[in-house]
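Down below is the structure, laid out as structure tokens.
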Amino acid sequence: MFTAEFKNNNTYLTLSDPFSLSQTLDCGQAFRFEELANGRWGGIACDRYLELEITADGQVVLYNVNETEFENVWRDFFDLDRDYSKIIEEISTNEVLKNASEYGKGIRVLNQPPWETLCSFIISQNNNIKRIKGIISRLCETYGEKTQGGYTFPSAEKLAPLTPEDLAPLRAGFRAKYIIDAARKVANGEVNLEVLKDLPYLDARAELLKIKGVGPKVADCALLFSHRHIDAFPKDVWIKRALTVLFGGELPKEAVPYAGIVQQYIFFFARETKLNIE
């Protein structure tokens, strides 16, 4: 599915699957990457700053990433061992899914750090991308550690002793009390994020629902974008309407094993084609 070459302290990847940095890093699953003036994408993930780009000949270049760091961090982060072309082939027996995957075929579902992902999607509730990024940025600047390119994401243990009032400068609004409840339950072990990827989907979802302010959509986002539960299908009002318009309300059977990946294709397809779902 990919070959890797390591030279001059950079990693050069040749992928057999389509890969788009904008579709992957700016589709609403991650909030700390931005397109830079030089055409690269840059951001902090897994406590590291990363710059990467796709060259004119289609190679993916990860700058200042040696073989050890690639194998230990970014190979899994970018889900490089999953055969997305095979998934697209399997779902394309449905004509609508075929069209949707054609629009969003460059998307890869990231495997992000569990606590950062959970906290980020708590922040995302009833929010827009600009405000989500702003709150996360202020959270990291206030409680994270300085690193190249900015600040790391603060741990649950760092946030657990705080109160919602302490988070007032973040301007997170009602979400502050949910962030603190999540931090405390993760820090004290009441919710063990590290085991969720090994639990059946519904059991893992039930664990996250123990946290105040975490409903089905936030739980499904966390499970999909950090725990490898590609059977999770985050549903907001917008996606529910898209399902109704495209499929009469039910996800086609071809899509069920890959529901979370298909959700990304549906979202991107509807957005790019300005599908009338109002």
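Every number in this text was worked out from the coordinates using simple rules, so none of it is lab data. Please read all numbers here as calculations on a predicted model, not as lab measurements. Virtual Cβ from ideal backbone geometry, glycine too; neighbours counted across all protein chains shown.
The table below lists the values:
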{"read-out": "Those aspartates and glutamates that a straight Cα-Cα span of less than 18 Å connects to K130, excepting residues fewer than 8 apart in one chain", "value": "D26, E34, E35, E116, E141"}
{"read-out": "Kirkwood hydrodynamic radius (C-alpha pairs) into Stokes-Einstein, region 41-136, 25 °C and 0.890 mPa s, D in µm²/s", "value": "154 µm²/s"}
{"read-out": "Helical segments meeting 27 Å axial Cα length and Kyte-Doolittle 1.6 threshold in the chain (DSSP H)", "value": "none"}
{"read-out": "Bins of 10 Å, starting at 0 and running to the largest distance - Cα pair percent for region 8-59", "value": "22, 56, 22, 0"}
{"read-out": "Helix-only [θ]222 nm of the chain, DSSP H runs n ≥ 4, -39500 (n - 2.57) each, per residue, nearest 500", "value": "-11500 deg cm²/dmol"}
{"read-out": "Bins of 10 Å from zero: percent of alpha-carbon pairs in the chain", "value": "6, 28, 35, 24, 6, 0"}
{"read-out": "Computed over region 114-226: relative contact order in percent, which uses C-alpha pairs under 8 Å that are six or more apart", "value": "30 percent"}
{"read-out": "Total charge dipole magnitude, the chain, about the Cα centre, Cβ charges on Lys, Arg, Asp, Glu only, Debye to nearest 20", "value": "1080 debye"}
{"read-out": "Percent RCO, i.e. relative contact order, over the chain, from Cα pairs under 8 Å lying at least 6 residues apart", "value": "18 percent"}
{"read-out": "Principal axes of region 114-226: Cα extent on each, largest first, Å", "value": "36, 27, 26"}
{"read-out": "Peptides ranked, highest mean first, by Cβ atoms within 10 Å: ranges 265-273, 157-165", "value": "265-273, 157-165"}
{"read-out": "Reach of K146 by Cα under 21 Å, taken over lysines that are not fewer than 8 positions away in the same chain", "value": "K133, K158"}
{"read-out": "Within straight-line cross-link reach of K86, aspartates and glutamates at Cα separation under 15 Å, skipping those fewer than 8 residues along the same chain", "value": "D17, E102, E254"}
{"read-out": "Inter-label distance for K253 and T3, nm, one decimal - labels placed 7 Å from Cα along Cα-to-Cβ", "value": "4.0 nm"}
